[in-house]
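Worksheet for the structure shown next.
Computed from the coordinates by the stated procedures, all read-outs in this text should not be read as laboratory data. Not measured: the values here are computed from a predicted model. Counting neighbours? That spans all protein chains shown, and the Cβs are built from the backbone with ideal geometry, glycine included.
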Amino acid sequence: MSNAKEIRAWLGDELAHAGPRRRAQLAKLAEHLHRAERHQHANALPVGSFQRQIARIHERKLVSEAMHLGFHPPEEELKELGLHLAGQSLGLSL
């Protein structure tokens, strides 16, 4: 999983100062992450295979669940930075 390390580090930081309800939500995400790490990474599977498509779907679902809880993947931050820089070069404030 491509974002597993980032999600795990974020989970550790969040668990340090989470309340009981939030801790339960984060524990559920940690369990999903643990299960996902036991599976093969999508890039290790044959290109165009059904298994690869399923692995990518599972990766996206996990990242989506983490984002719902407040995680910001590095690629999203880069996208936002790119939009901001593009806007500034055009004279727009985005």
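Would you mind classifying the chain by shape? Square roots of the alpha carbon gyration tensor eigenvalues, ordered a ≥ b ≥ c; an a/c under 1.5 is rounded, otherwise it is prolate if a/b is larger than b/c and oblate if not. Judged from the Cα gyration tensor, the chain comes out oblate (a/c at least 1.5, b/c at or above a/b).
Can you order the peptides 35-42, 77-84, 3-10 by their average number of other Cβ atoms within 10 Å per residue, highest first?
On the way: 35-42: 13.8, 77-84: 11.0, 3-10: 16.4.
The most tightly packed comes first, giving 3-10, 35-42, 77-84.
Put a plus charge on the Cβ of each Lys and Arg, a minus charge on the Cβ of each Asp and Glu, and nothing anywhere else: the dipole of the stretch 13-94 about its Cα centre is then about 400 debye. Using a simple spin-label model with pseudo-atoms 7 Å out from Cα toward Cβ, Asp13 and Arg35 lie 2.7 nm apart.
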